[in-house]
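Here is the structure we will look at.
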Amino acid sequence: MGRLAWRSYWALLMCWLLVLVVWSLLRQDLRSGPLPGILVALPPFLIGLDLMVFSRSHEAICRSQVERHRWLELITMGGYSHRTFFVTGIGVLVGSLALAGWIATR
């Protein structure tokens, strides 16, 4: 389950980058409203859920990657705890809702 959570996180991140590129290429009048807000905010919303639901899996994978690649220890200070992933997920979730609201009301 851990690898699935990790892969879905990165797939959603790549999906969000693609959505942002497409959104930036749209005409200004097509960039606002409820539907664009939902479409742009959906990937980070799902990323936040992924980080919250699978926080323990993310912690285990992060720890194994730090053990495997010592230079990551400088960035992660030894690895992130499941609590850090969970709190980050809450932040991403709230941020995605704020993003959806901002785009919808533009």
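All of the numbers you see were taken from the coordinates with simple rules; none came from a lab. It should be emphasised that the depicted structure is a prediction, and the values quoted were computed from it without experimental measurement. Glycine also receives a Cβ, built like all others from the backbone with ideal geometry; neighbour counts cover every protein chain displayed.
Ordering 84, 105, 76 from the fewest to the most neighbouring beta carbons within 10 Å gives 105, 76, 84.
By the count of other C-beta atoms within 10 Å, a proxy for reagent exposure, 52, 77 are ordered fewest to most as 77, 52. Calculated over the chain, the projected area of the Cα convex hull averaged across directions stands at 7.1 nm². Centroid-to-centroid, using Cα positions, segment 59-105 and segment 1-58 are 14 Å apart. Across the chain, the relative contact order, built from alpha-carbon pairs under 8 Å that are at least six residues apart, equals 39 percent.
The magnitude of the dipole of the chain, with charges of +1 and -1 set on the Cβ of Lys/Arg and Asp/Glu and taken from the Cα centre, is near 100 debye.
Coupling constants for segment 11-16 follow from the phi torsions by the Karplus curve (6.51 cos²θ - 1.76 cosθ + 1.60, θ = phi - 60°), and in residue order they are 5, 5, 5, 5, 4, 5 Hz; glycine and proline get x.
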